[in-house]
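Novice: Below is one structure. I have some questions about it.
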Ligand SMILES: NC(=O)c1ccc[n+]([C@@H]2O[C@H](COP(=O)([O-])OP(=O)(O)OC[C@H]3O[C@@H](n4cnc5c(N)ncnc54)[C@H](OP(=O)(O)O)[C@@H]3O)[C@@H](O)[C@H]2O)c1
């Protein structure tokens with residue numbers, strides 16, 4: 001068997017993440033201990049929250065040290081098992097990290113069904129955490145109704161693109177917000193949003209007004225800062241804002257002053273933050289809906305896939321810089 005290629009943390013970035021913050025290493029093949037399972041990863045998920053994990057680790061608030069394998073969600077095949085619940089060939093979701101092989105405690109793994117004609121990568125996207133997150137925001141938190149006008153920020157991203165497609169399927173008018181003409185074009189043409197507004201355009205606020213002539217009923221918020229501020233001013237009375245992420249605040253330690261926060265009061269808005277791991281009892285229901293919609297062809301495959309673990313740092317930096325669309329993945333096999 002091959003040695004185990006790994007990507008480890010070389011240093012914790014102070015500000016912007018660079019490829020030099022990581023280093024490649026060859027390690028011995030891990031040996032599963034009693035209760036552990038040896039998994040060969042096929043796909044690694046790259047996500048914005050990893051940037052926050054690195055910042056937290058630097059401050060001692062997350063258990064990751066320099067020299068450790070970078071953490072991450074993976075889908076792979078069992079190649080040896082010392083847990084009776086798993087056998088060779090099982091396909092599993094786990095936290096294998098940025099490496100080809102991982103020995104993981106069986107209790108951390110979740111078996112998944114291979115999809116007919118579908119890629120295993122869907123288990124890290126539409127049928128994984130991005131799908132569940134989008135479902136929680138749209139169905140459980142915002143309780144989107146047919147005819148609502150929904151605005152979704154980072155609409156070309158992993159979670160946002162799924163929220164947009166789900167909302168369109170449920171009969172909403174969908175307005176995306178994304179960075180640049182090419183992404184906005186893709187959000188309307190490929191995801192079927194009714195409109196998409198470029199938040200980098202100097203006249204962003206006016207473009208948002210033009211795209212939401214009857215106001216906004218529901219917001220699926222991934223960015224915060226100026227993007228949310230402009231949207232607050234478009235809200236209809238009793239609107240709902242599902243706060244999923246605040247990417248516009250992650251890189252900067254500076255506070256952001258909202259000009260339109262008063263809309264929360266004068267339009268009686270309901271602003272609700274939610275986190276996937278606080279809603280585990282709802283995951284089963286979410287996955288049943290997502291699987292039914294997936295099988296019915298509601299979602300387009302929408303992925304940026306980089307081949308080869310050695311390119312994971314580049315792919316991660318590139319995702320944080322806004323290059324790429326949909327779910328960002330590294331294919332390892
Ligand atoms: N609440 C939860 O439980 C939960 C679970 C998963 C994810 N999240 C959050 O959900 C959000 C979306 O996650 P994701 O995995 O789908 O990521 P994503 O949207 O695929 O992230 C990449 C995209 O974010 C956009 N972006 C990056 N920095 C930005 C900034 N400063 N301002 C505006 N846009 C920026 C870029 O798109 P543009 O080119 O369009 O700028 C980039 O392509 C994140 O905030 C994440 O932390 C929350």
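Novice: Yes or no: residue 328 within 20 Å of residue 134 (Cβ to Cβ) and in a strand (DSSP E or B)?
Specialist: Numbers: within 20 Å of residue 134 (Cβ to Cβ): yes; in a strand (DSSP E or B): yes.
The answer is yes for residue 328.
Novice: Being in contact with a strand residue (DSSP E or B) (Cβ under 6 Å, 6 or more places away or on another chain), within 15 Å of the ligand (Cβ to nearest atom) and closer than 30 Å to residue 4 by Cα: is that true of residue 315 here?
Specialist: Taking the combined requirement at face value, the residue satisfies it.
Novice: Another question, then. Filter the stretch 150-166 for residues that are under 16 Å from residue 271 (Cα atoms) and more than 13 Å from the chain's Cα centre (by Cα); which is nearest to the ligand (Cβ to nearest atom)?
Specialist: 152
Novice: Hey, another quick one. Limited to the stretch 280-294, what total is found for residues that are surrounded by 12 or more Cβ atoms within 10 Å (Cβ to Cβ) and either assigned by TED's automatic domain parsing to the domain that holds residue 157 or farther than 30 Å from residue 69 by Cα (or both)?
Specialist: Residues meeting the conditions: 8.
Novice: When you go through 321, 325 one by one, which is the residue that is within 11 Å of the ligand (Cβ to nearest atom) and exposed (fewer than 13 other Cβ atoms within 10 Å of the Cβ)?
Specialist: 321
Novice: Within the stretch 30-52, identify whether any single residue is assigned to a helix (DSSP H, G or I), closer than 20 Å to residue 310 by Cα, touching a residue at least 40 places away in the same chain (Cβ under 8 Å) and within 16 Å of the ligand (Cβ to nearest atom), and answer yes or no.
Specialist: yes
Novice: Now a separate question. So if I check each of 223, 219, 227, which one is in a loop (DSSP other than H, G, I, E, B) and under 24 Å from the mean Cα position of the chain (by Cα)?
Specialist: On inspection, the qualifying residue turns out to be 223.
Novice: So, residue 144, is that one more than 10 Å from the ligand (Cβ to nearest atom) and out of contact with any strand residue (DSSP E or B) (no Cβ under 7 Å at 6 or more places or on another chain) or not? Before the answer, list the steps.
Specialist: Details: more than 10 Å from the ligand (Cβ to nearest atom): yes; out of contact with any strand residue (DSSP E or B) (no Cβ under 7 Å at 6 or more places or on another chain): no.
The answer is no for residue 144.
Novice: Tell me the helices (runs of 4 or more DSSP H) entirely within the stretch 236-309 that contain at least 1 residues that are touching a residue at least 60 places away in the same chain (Cβ under 8 Å), away from the ligand (no atom under 11 Å from the Cβ) and over 30 Å from residue 212 (Cα atoms).
Specialist: Where helices (runs of 4 or more DSSP H) fall fully within the stretch 236-309 and carry at least 1 residues being touching a residue at least 60 places away in the same chain (Cβ under 8 Å), away from the ligand (no atom under 11 Å from the Cβ) and over 30 Å from residue 212 (Cα atoms), they are 283-295.
Novice: Here's a follow-up. In the stretch 73-100, what residues are in contact with a helix residue (DSSP H, G or I) (Cβ under 7 Å, 6 or more places away or on another chain) and in a loop (DSSP other than H, G, I, E, B)?
Specialist: Across the stretch 73-100, the qualifying residues are 73, 83, 85, 86, 95, 98, 100.
The values are calculated or read from the model by the stated rules, or taken from the named source; none is laboratory data. Predicted model only: the values in this text are computed from it and were never measured. So basically every Cβ, Gly included, is an ideal-geometry build from the backbone, and we count neighbours across all protein chains shown.
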